[in-house]
Every structure is written in C-alpha cells, then in structure tokens.
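Student: Below you'll find the structure I mean.
What follows draws every value from the coordinates through simple rules; no lab data is involved. Since this is a predicted model, take the numbers as computed values, not measurements. Every residue, glycine among them, receives a Cβ derived from its backbone with ideal geometry; neighbour counts consider all protein chains shown.
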Amino acid sequence: MNGKGIVMPRQYPAAFRQALVDRMLAGKSVVSLVADIGVPEQTLHRWKTQGRVDAGLADGVTSTESQALRDAHRRIKELEDELAPVNARSEIYDFQAVVDPIDGKPSWSNSPRAAIRFSRQPEPQAFPDRPSPIAPGFDLPPTARFADCC
C-alpha cells in the first residue's frame, strides 16, 4: 500500500508464474494453490487462462504475440510523436503564396500544396439531400409518380 491508501498490484517473477501455470495445467486446483502460496485467486485464474492459450489448448493471443503487438504499438506512438513537430511546421507553408517568376505576382494555385488542397475538394452538388424543385417527385419510380392522379 502506498501513502495514499491505494493497493498496488504485486509483480511476480516470470519463473514463479510459469511454475504455477505448469502446476495448474497438470491438474492442481486454483483453490489449493491460493491456500498454499497466497497469490490471489483471480490472478491465478487469469494466469491459467493465458497458460492454456500459450499451450495451444485454447484460442486467443499468445503471450509472445501480445508482447510483439505491444512493442509495435509503442514504436508507432514514438514515431508519431517524432513526426508531430514536423507536421506542425509544414502547416506554416500550406498557406503561403508562391511568387510566379514570370510576372512576379503571388499565385496561390502554384503553391507546393495547392494540388493537394484543390484535389481534396468534393464536386459541388445542388441540394443533394432534397428532391429537385423543378420536377417534384422525379426521383421516385414512375408508378409512384402518377399514383395520386387517377
């Protein structure tokens, strides 16, 4: 227990944990191990479940695969953190005009990122979520268009 009254989980050595998992997979009950060793019952159940996955007796992600995934996620986070200042600095240049060498006037369309900026704009659509005011009901099938006239 730390000074704030919070109970921190205890770390057990890997060899100790593996020895207990081997005993549980050999048939020793979790309750008897709790009484003998003093490790919390829920911890032993979690270790046994993971031990069954690692032994191939149950479906799931093995410990080695899980560690590889954690390492990959950690590396991705490090790379994203490393790239963040570069992206922030490059945004400065997104809004600067490039001076045309022929006439000396600034031209936004010649900026290095203009092609990216302009290519991302969607095609304009007039009232895409409403039917056409010129021909009401024109978006309906022909049988539904004339159903109320006869």
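Student: Once phi is turned into θ = phi - 60°, what whole-Hz ³J(HN,Hα) does the Karplus curve with 6.51, -1.76 and 1.60 give for every residue of the range 47-62, x standing for Gly and Pro?
Tutor: Residue by residue, the range 47-62 yields 5, 5, 4, 5, x, 5, 5, 5, 7, x, 8, 9, 7, x, 8, 6 Hz.
Student: Follow-up question, since we're still on this one. Show which lysines lie in cross-link reach of LYS48 when reach means a straight Cα distance below 18 angstrom and same-chain residues fewer than eight apart are skipped.
Tutor: Here the lysines satisfying the reach criterion relative to LYS48 are LYS28.
Student: Continuing with the same structure: Could you grab the relative contact order for the range 1-73? Cα pairs under 8 Å, six or more apart, rounded to a whole percent. Present the calculation step by step, with values, prior to reporting the outcome.
Tutor: Numbers: 32 pairs, mean separation 14.2, N = 73.
Relative contact order here is 19 percent.
Student: Right, something else. In sequence order, what are the phi-derived ³J(HN,Hα) couplings for the range 70-87 according to the Karplus relation 6.51 cos²θ - 1.76 cosθ + 1.60 with θ = phi - 60°, rounded to whole Hz, with x for glycine and proline?
Tutor: 3J(HN,Hα) across the range 70-87, in whole Hz: 4, 5, 5, 5, 5, 5, 4, 4, 4, 5, 5, 5, 5, 7, 4, x, 5, 5.
Student: Using per-residue counts of other Cβ atoms within 10 Å, averaged over each peptide, order 29-35, 85-91, 64-70, 46-52 from highest down.
Tutor: Details: 29-35: 13.3, 85-91: 9.1, 64-70: 11.3, 46-52: 16.6.
Averaged packing, sorted descending, gives the order 46-52, 29-35, 64-70, 85-91.
Student: Still on this structure, I have one more. When Lys and Arg each count +1 and Asp and Glu each count -1, what net charge do the other residues less than 12 Å away from ILE76, Cβ to Cβ, add up to?
Tutor: On the way: positive: ARG70, ARG74, ARG75, LYS77; negative: ASP71, GLU78, GLU80, ASP81, GLU82.
Net local charge, ILE76 excluded: -1.
Student: At a Förster distance of 35 Å, what's the computed FRET efficiency of LYS28 paired with VAL61, Cβ-Cβ distance as r, to 0.05?
Tutor: Details: r = 25 Å, r/R0 = 0.71.
Efficiency, rounded to the nearest 0.05: 0.90.
Student: Quick check for me: using +1 on Lys/Arg Cβ and -1 on Asp/Glu Cβ, what's the dipole size of the range 1-74 about its Cα centre, in debye to the nearest 20? Each step should come with its number before you reach the end.
Tutor: On the way: 10 positive and 7 negative charges, 50 e Å.
Here the size comes out at about 240 debye.
Student: Rounded, prolate or oblate: which fits the range 8-72, taking a ≥ b ≥ c as square roots of the Cα gyration tensor eigenvalues, rounded meaning a/c under 1.5, else prolate when a/b beats b/c?
Tutor: Because a/c hits 1.5 or more and a/b fails to exceed b/c, the range 8-72 counts as oblate.
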